[in-house]
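What follows is calculated from the coordinates using simple rules that are stated; it is not laboratory data. Because the structure is a prediction, the values reported are computed rather than measured. So basically every Cβ, Gly included, is an ideal-geometry build from the backbone, and we count neighbours across all protein chains shown.
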């Protein structure tokens, strides 16, 4: 009888956290699998880590070759962003597009599309975190059949909670745990239908729990909020996932297994710098000296952070910090939801600064977009981000209303980098920025092998809610957003012939997961892969470079 390979992804499950919990005996099934298989630490791409992680998993190819850096694509002629959704797999197919020789069941893998070259079944966006595609299946009626039998994922497309709302936090934990149980039921159903060559699914619940429950489990400035809950809700979600893994593997005890996570999680040090501090700094740099929002003054100790927004959501509370020329409205902003004041703003302009969040459709929650109507007149501006800071320079001859001459591009990058490196955490005095990567030497260099950002900003790994700039004053304090943020570390556990139980493999790369699965299946690997199996000798392999010059 042929062997089945069960590949299970744990979306953004941090390996350091799992190591702690497995050593404490809290995740017995993952711990047992670790004892039975070979363990390999993983590293992902240095640039656009979170935006392209799952495309890298499914293609084994870097963004410089797929051209997929982010779901949002900037148009230099219109200054607009196009949402491309998931990678279209036009040039590079997913690794499981193996044709008629291999039977594959692909269930709820994020950021993928239906591929006609898959012999078996595919179900998309049943409960995936950030699916980036519509809910559908092949065969077409399969998804409806599964929903009718097992139910929908209760947290699909609403897997978030404001940290200051204990009711919402409790609901999220319950929804994630119920979703895990339903996912296990679906997997057992599909596994029992035939002897698959490959069964591949991903638990997105670990991703959601990490973002919104981190402060209730691990170190964070908002950790005192833990007193509002009983026990460790993030651990409970992971334990539900551990139980589900045990049930799935028990159904096929003779199967080969690959358990992996392409990236990790830590206390969030990227959301506020990338989506609040960076766009506001660039606004002041181009349009100053007046602040657009979060004007914290220029000196003195920052006000204490209560961690309790008074409005109905993070983006509302943040917009409440907008500068306003009307004194009464300026005072009311911090107490009334932005929707209540919206009519007043339309009748009487609040003055220069970011636009009304409700004007930006599905990107209302991305503060960089609030400044987008001003981009044509700015020398540089921040693009939407879910990880590092992305800066686009408004280059003459490249952008429609370009300002910075191409001959000044290098000096301008140096000047801007100097301002960024001067930013300090106003509470500790520690620099905010760790490094800045320049993605192109010439501003007129173009092509899908390059990201939209000219500069990519990396931060020191510590949450910061207020920063000081010697040139542009204080920004903040601002309310924290998601309390867990992505970290560039992952892992793989391989239980298969040739992998010694309890052994350790040298560090691999996320792009190596695709050829690893193909090798375990005995399937041929496309020549297009940028990678080699994790179980092979990788010492001689030259890594694909992720970025350019570092400032």
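Here are a few things to note about the model shown:
- With contacts taken as Cα pairs under 8 Å at a separation of at least 6 residues, the chain carries a relative contact order of 25 percent.
- Cα shape, the range 372-516, gyration tensor, a/c 1.5 rule: oblate
- Descending semi-axes in Å of the range 296-452, equivalent ellipsoid built from Cα gyration tensor: 32, 21, 15
- Crossing angle, helix 338-347 versus the chain [Cα axis fit, 0-90 degrees, rounded to tens]: 40
- Remark: spin-label model distance residue 250-residue 174 equals 2.6 nm, labels positioned 7 Å along the Cα→Cβ axis.
- Peptides ranked, highest mean first, by Cβ atoms within 10 Å: ranges 345-352, 130-137: 130-137, 345-352
- Stokes-Einstein D for the range 93-223, Kirkwood Rh over Cα pairs, 37 °C, 0.692 mPa s (µm²/s): 208
- Working from label points 7 Å from Cα in the Cα-to-Cβ sense, the residue 507 to residue 362 distance is 3.5 nm.
- Shape category assigned to the range 450-525 from the gyration tensor of Cα positions, a/c cut at 1.5: prolate
- Length-normalised contact order of the range 129-240 in % [C-alpha pairs under 8 Å, at least 6 apart]: 26
- Each 5 Å bin from 0 upward holds the following percent of the Cα-Cα pairs of the range 184-335: 1, 7, 11, 14, 13, 11, 9, 9, 7, 6, 5, 4, 2, 1, 0.
- Burial order of peptide ranges 392-403, 212-223 (average beta-carbon count within 10 Å, highest first): 212-223, 392-403
- The value of relative contact order for the range 333-430, using C-alpha pairs under 8 Å at least six residues apart, is 13 percent.
- With the helix formula -39500 (n - 2.57) applied to DSSP H stretches of n ≥ 4, the chain reaches a computed 222 nm mean residue ellipticity of -8500 deg cm²/dmol.
- Listed peptides 256-262, 139-145, 38-44, 438-444 appear in the order 256-262, 38-44, 438-444, 139-145 once ranked by packing, highest mean of other Cβ atoms within 10 Å at the front.
- Cα-based convex hull, the chain, per residue volume (Å³, whole number): 153
- One decimal place: the segment residue 32-residue 527 gains 174.7 nm when fully extended, by the rule 0.36 nm per residue minus the C-alpha distance.
- Shape of the range 24-143, Cα gyration tensor, a/c cut at 1.5: oblate
- The angle separating the long axis of helix 49-59 from the principal Cα axis of greatest extent in the chain is about 30 degrees.
- Taking 0.36 nm per residue of sequence separation and removing the Cα-Cα distance, the residue 347/residue 23 pair yields an extension gain of 110.6 nm.
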